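Down below is the structure, laid out as structure tokens.
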Amino acid sequence: MTLRAPIETALVRLVPMDRKQAEALRRGELLGIQAGRGWPHADTLDGIGAALAGEDPEALPWLVVLRSDGVVIGDLGWKGTPSPDGEVEIGYGLAAGSRGRGLATHAVGALLDWLRAQPSVRRVVAQTEPDNTPSRRVLERLGFTVTGEDDDGVWYALDVTAG
């Protein structure tokens, strides 16, 4: 994977989280981050913990920052390095007050564009709860298709080498 840099969309900016910020968040410290109401949430802290414990230092999430005011409203990233066949799992989450405004679609779309540029990535997968209709809509809007369902939830996939 190539070095991460901030990514801009019309509505949000994705800012790579560094190890120092991640460790501070795990301790409950914002370390200068202007956090929106409801962020960080439990999934944020779980994701940071998994990234810190993993082998890929680039797997720390990106902060989802509103361009209008610089407030962090969520985070997103991938879970570990791509598999040998080029598959990577993504995860994302916004604070409750920031949902339903198209922000997740902008943020996840920008992450997908970045992943498409990574030579080691061929397929992106994501999992969501069966009753999480907004998250399912984000994935479907971005071209993901359902590939199955198990105890963890509904699985989606997208071939990022096409088109």
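The values are calculated or read from the model by the stated rules, or taken from the named source; none is laboratory data. On a predicted model such as this, the values are computed, not experimentally measured, just so you know. Every residue, glycine as well, gets a Cβ built from its backbone with ideal geometry; the counts of neighbours run over all protein chains shown.
A few notes on this one:
- Within region 86-131, the set of residues being β-branched (Val, Ile, Thr) and assigned to a strand (DSSP E or B) comprises 88, 90, 124, 125, 128.
- Every residue from region 110-148 that is β-branched (Val, Ile, Thr) and in contact with a strand residue (DSSP E or B) (Cβ under 7 Å, 6 or more places away or on another chain): 121, 124, 125, 128, 145, 146, 147
- Criterion (modelled with pLDDT under 95, over 22 Å from residue 16 (Cα atoms), among the acidic types (Asp, Glu) and out of contact with any strand residue (DSSP E or B) (no Cβ under 6 Å at 6 or more places or on another chain)) met by exactly one of 56, 151, 85: 151
- Within the span defined as region 16-26, every residue fails to be within 23 Å of residue 144 (Cα to Cα) and either among the basic types (Lys, Arg) or out of contact with any Cys (no Cβ under 8 Å at 6 or more places or on another chain) (or both).
- Matching entry among 47, 32, 93 (being modelled with pLDDT of 90 or more, over 16 Å from residue 116 (Cα atoms) and of a type in the set (Gly, Ala, Ser)): 93
- If you filter region 132-163 down to residues that are touching a residue at least 24 places away in the same chain (Cβ under 8 Å) and part of a loop (DSSP other than H, G, I, E, B), you find that the one that is surrounded by the most Cβ atoms within 10 Å (Cβ to Cβ) is 160.
- Yes/no for residue 97 being loosely packed, with under 14 Cβ neighbours inside 10 Å, under 17 Å from the mean Cα position of the chain (by Cα) and within 22 Å of residue 32 (Cβ to Cβ): no
- Filtered residue count, region 24-40, keeping only those that are closer than 19 Å to residue 14 by Cα and in contact (Cβ under 8 Å) with a residue 12 or more places away in the chain: 9
- Sole exception among (1) within 27 Å of residue 160 (Cα to Cα); (2) in contact with a Gly (Cβ under 8 Å, 6 or more places away or on another chain) for residue 8, by number: (2)
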